[in-house]
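The values are calculated or read from the model by the stated rules, or taken from the named source; none is laboratory data. Note that the coordinates shown come from a computational prediction; the quantities given were computed from them, not determined experimentally. Note that each Cβ is placed from the backbone with ideal geometry, even for glycine, and that neighbours are counted across all protein chains shown. These accessible areas exclude ligands, DNA and RNA; they are computed on the full protein's heavy atoms, side chains included. Shrake-Rupley method; radii C 1.70, N 1.55, O 1.52, S 1.80 Å.
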Amino acid sequence: MRWRWALALLCLAGSCSCERDREPAADVQLSAAQARAYQTICASCHARPGTGAPLVGDEVAWRERRALGAETLVARTVNGWRGMPPLGTCGACSETDLRALVAYVSGSAAAERR
Amino acid sequence: MRARGLTRRELLRGALAAGVSGAALAACSRGNERPARSDDWSPGRSLPWRNWSGIESCVPAQRGVPASEQELTALLRDAPAPLRPAGTGHSFSALVPSAGTLVFLDALAGITASDAARFEAEVWTGTRLSQLGPALAALGQAMPNLPDIDYQTLGGAIATSTHGTGATLGSLASRVTELTLATPAGELLRCDARENAELFHAARTSLGALGVVTRVRLANRAAFRALEVSRFVELDALLAGLAHERDANRHFEFYAFPHADVALAIATNESAEPPRKSGADDPEAVYLLRSLFRLTRRVPGLGARLYDAFLRHQPPTQHLDASHAVLAHPRTVPFNEMEYTVPAAAGPECIRAVLAEIRARDLPVCFPIECRFVRADDVWLSMFHERDGFTISIHQYVDEDWRPYFAAIEPIFWKFGGRPHWGKLHSLDAPRLSELYPRWSDFARVRRSLDPGGRLTNAHLARILGG
C-alpha cells in the first residue's frame, strides 16, 4: 500500500505521471494462444494506465515483484492478488500459459538475460 | 461498480477539507488483500478455475477450448458432464463450477460478418466486450449501450441478461437479432424472431442451460461519442427529480452512499465535441472511501457529518470519448455483489427502503449502491421481461463477509417483486423464481427438449432452474 500512498501524495502535488513504456520485452516468445491472451486479457490492465496494475515495461514497479520469485507471482496470478483477478480471468489458460504470460508481463525473461 | 468520479486525489482533498487528517487516513487505509482460501493453489497442484471475486472455484476434469463450431459440438456430445461454458468467470453466482468439463470460447472470437447499411454485425460469442468496442468502431458501428465494465465475453453477458443504464435502452440480449446454438446433442441450430422463434426467445438469456451460443447477430448503431458527467447531489432532491433525469439523458444512473445523504449522479449523452477528460477516474478510490467511513464512524455524531461533508466536497468530473471508452470503465477493486431488478416505477421507493434498512440496522457498510434503468424486452428469462426495470446493486468488499449484509437487504427486493440478476448473488430457488417469470414453463419445456439428460446442469442450475 505504501506505493499507492506515495502516488496519491505525488498526485496531490500535481506531479503525477503515470504514462510508461508499455512494450514488453520483445525477445520473449509466446505461442499464438498466449499472445492472444496477452492482447485480449493481460493488456487490458497491465498496458492501461490508471487501473492500479503494474504496467508492462515499468522496471521500477516490477523489480521488487520479481524478487519474490516466479512461483509466488504465478501463485498470485492463479489465486488472485489484490486487484488481479484469479487466473487473470484466463480460465482457458494452462499452467504453462500462465507461467509464460507472467514472465512476459513482468519482464522476468528479459531480466534474467541482463 | 467503482466510485466513478472519485479519485484518491480528490478524496484526500475532500477529507482534508472535512477536517479528517490525511495521516490518520493513511494509517487505516489497509485491507485490499484478497482473503487466503484453504484451496489456494500452489505449484504442483491441479490448476483450478475460479471466478472473478474468488468465491467460486472448481477443478474440472477437462478444459475445452474449441477452435471451431465442429470441435465445440463434438465436445458437447462426448466430454464428461456437467459441461459448463465459462466466459471470463465474472459471474458471482455459481453458474460455472463443474467437476466435468469447462468450455472456453477464447478461440472463437471476433467479428465474422457485418452489414454497413443496417449497422449489424455477426460476432463470435467468445469475444470480450473490451475487444468488441474498438472492432465495431473500425466498422463505423457501436453497441447502443454497454455494461459498467467490459471484461466479460459477449456470450456470458448475453446469457445473463447483462445491461447498462438508460430508460430507452435494453439489455445486451435485447440487441441480438439472430443466434447459433450448439446443443448437447451435437447440433448447430440457427434461430431468430421468425425462424425457430421459441428457441430464439429462450436461448438469448439461457445461462448456458440449453447449449452454447456460438455466434450472434447484433443490431448496432452508427459509432458515436459519449460525454459522461458525474456530480455529487443531494439524494432526496435527486430522487424527487429522478423521472426528469431519467428522461432528459440517454443514460442516467446514480450511486447512493450508505449512511450519507448525498448521491453521485452520472448522466451520459451523445456529443460531437472532441474527446476530453477532466477529473481522473480512480478505480481504487473505494478503498479510501472505506478508510474514511471507518475513521469517521469512530466519532459519534460529528463523524457522520464529516463523512457527509467530505462526499459533498467532491468536484464534478467529465469524460468525452468514443462510446465504448466512456460507457465501460476499468475496475480493479474486488467485491461480491447482489443485484435485483424491480419495476421501474417502484425504484425510488425501493432504494429508500434499502438505505433506511442499512441505517436502522446500523450495518457497517459503505460500498456505494448502484441504481440504473433498463428498458423492457421480450427475452423469456430476462430480468426485464415485459417490464421496464430499475436495478439496484449492492456490493461488499471481497475481504468482508457479504452474507449478513445481503441477507438483510434481499427481503426488501422481494417485497417489490424484484428479479435477481442471474450472474449475481441471491438466495432464490426454482419454485420462487418461477413465480417471477411468465414464460418460465415455456423455457423449461425448451430446456427439456434440448438437454433431456441434464448434461449442462451443475448444482447451481439444478437449484435455480430445477434438476
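DSSP bridge analysis restricted to the protein assembly as shown gives an antiparallel fraction near 90%, rounded to the nearest 5.
Looking only at the range B:67-100, which residues have a backbone nitrogen under 20 Å from a spot 7 Å from the Cα of B:A430 in the C-beta direction? Residues passing the 20 Å test: B:81-85, B:93-100. The trypsin sites (Lys or Arg not before Pro) of the range B:95-177 meeting both criteria, a DSSP state outside H, G, I, E and B (loop) and at most 13 other C-beta atoms within 10 angstrom of the site's C-beta, are B:R118.
Kindly work out what percent of the DSSP beta bridges joining two residues of chain B are antiparallel, to the nearest 5.
Percentage antiparallel, nearest 5: 90.
With the dipole of the range A:27-113 worked out from charges on the C-beta (+1 for Lys and Arg, -1 for Asp and Glu) around the Cα centre, which of A:A35, A:C45, A:V60 lies farthest toward the positive end? Projecting each Cα onto the dipole axis, the largest value belongs to A:C45. For chain B, the 222 nm mean residue ellipticity estimated from helices alone, with every DSSP H stretch of n ≥ 4 adding -39500 (n - 2.57) and the total spread over all residues, rounds to -8500 deg cm²/dmol.
Take chain B with all the other protein chains still there, run a 1.4 Å probe, and you get 35 Å² of accessible area per residue.
Pair-distance distribution P(r) for the range A:27-113, from all Cα-Cα distances in 5 Å bins starting at 0: 3, 15, 28, 30, 20, 5, 0 percent. The Cα atoms of the range B:420-460 give a gyration tensor whose axes a ≥ b ≥ c have a/c of 1.5 or more with a/b no greater than b/c, which makes the shape oblate.
Convex hull volume of the Cα atoms in the protein assembly as shown, per residue, in Å³?
In the protein assembly as shown, the Cα convex hull volume per residue is 146 Å³.
For a label point 7 angstrom out from the Cα of B:Q318 toward its Cβ, which stretches of the range B:207-244 have the backbone nitrogen within less than 14 Å? The answer is B:226-231.
Counting heavy atoms of the protein chains alone, B:Y437 has an accessible area of about 10 Å² for a 1.4 Å probe.
Taking every protein chain into account, the 1.4 Å probe leaves B:R447 with about 20 Å² of accessible area, to the nearest ten.
Karplus-derived 3J(HN,Hα) values for the range B:179-187, using 6.51 cos²θ - 1.76 cosθ + 1.60 with θ = phi - 60°, are 8, 10, 10, 8, 9, x, 7, x, 9 Hz; glycine and proline are entered as x.
Our coupling estimate for the range B:146-160, obtained by passing each phi through the Karplus curve with A = 6.51, B = -1.76, C = 1.60 and θ = phi - 60°, is 9, x, 5, 10, 10, 7, 6, 7, 4, x, x, 5, 5, 4, 10 Hz, Gly and Pro reported as x.
Here the relative contact order of chain B, from alpha carbon pairs under 8 Å that lie six or more residues apart, stands at 20 percent. Counting only the Cα atoms, chain B fills a convex hull of 142 Å³ per residue. Counting only protein heavy atoms, probe 1.4 Å: which residues of the range B:45-89 lose 50 Å² or more of accessible surface in the full assembly compared with their chain by itself? Those residues are B:L47, B:R50. The string of couplings for the range B:60-70 from the Karplus curve (6.51, -1.76, 1.60, θ = phi - 60°) is x, 5, 8, 10, x, 10, x, 9, 7, 5, 5 Hz, one whole number per residue in order, with x for Gly and Pro. Of all stretches in chain B that contain no GluC sites (Glu not before Pro) in a DSSP loop with at most 15 other Cβ atoms within 10 Å, the longest one is B:196-385. For the peptide A:70-78, the mean number of other protein chain Cβ atoms found within 10 angstrom of a residue's Cβ is 3. Sorting B:K277, B:K415, B:K424 on solvent-accessible area from highest to lowest, probe radius 1.4 Å, gives B:K415, B:K277, B:K424.
Computed from the C-beta positions of B:E69 and B:L363 and an R0 of 35 Å, the FRET efficiency is 0.15 to the nearest 0.05. Buried surface for the A/B pair, taken as the accessible area of each chain alone minus that of the pair with a 1.4 Å probe, is close to 3400 Å² in total. Its Cα centre serving as origin, the protein assembly as shown has a Cβ charge dipole (Lys and Arg +1, Asp and Glu -1) of approximately 1020 debye. Over all other residues within a Cβ to Cβ distance under 9 Å of B:I158, the charged ones net out to +2, with Lys and Arg as +1 and Asp and Glu as -1.
Between B:R448 and A:R63, the C-beta separation translates, for a Förster distance of 45 Å, into a calculated FRET efficiency of about 0.20. Dividing the mean sequence gap of close Cα pairs (under 8 Å, 6+ apart) by how many residues the range A:27-113 holds gives a relative contact order of 34 percent.
The amide H of B:F335, built 1.01 Å from its N in the peptide plane, has B:V398 as neighbours under 5 Å, considering only residues 5 or more places off or on other chains.
The dipole here belongs to the range A:27-113: it is taken about the Cα centre, uses +1 on the Cβ of Lys and Arg and -1 on the Cβ of Asp and Glu, and is about 180 debye.
Computed with every protein chain present, the accessible area of A:W81 is close to 90 Å² [probe 1.4 Å]. Solvent-accessible area of the range B:112-184 (1.4 angstrom probe, protein heavy atoms only): carbon and sulfur portion equals 55 percent.
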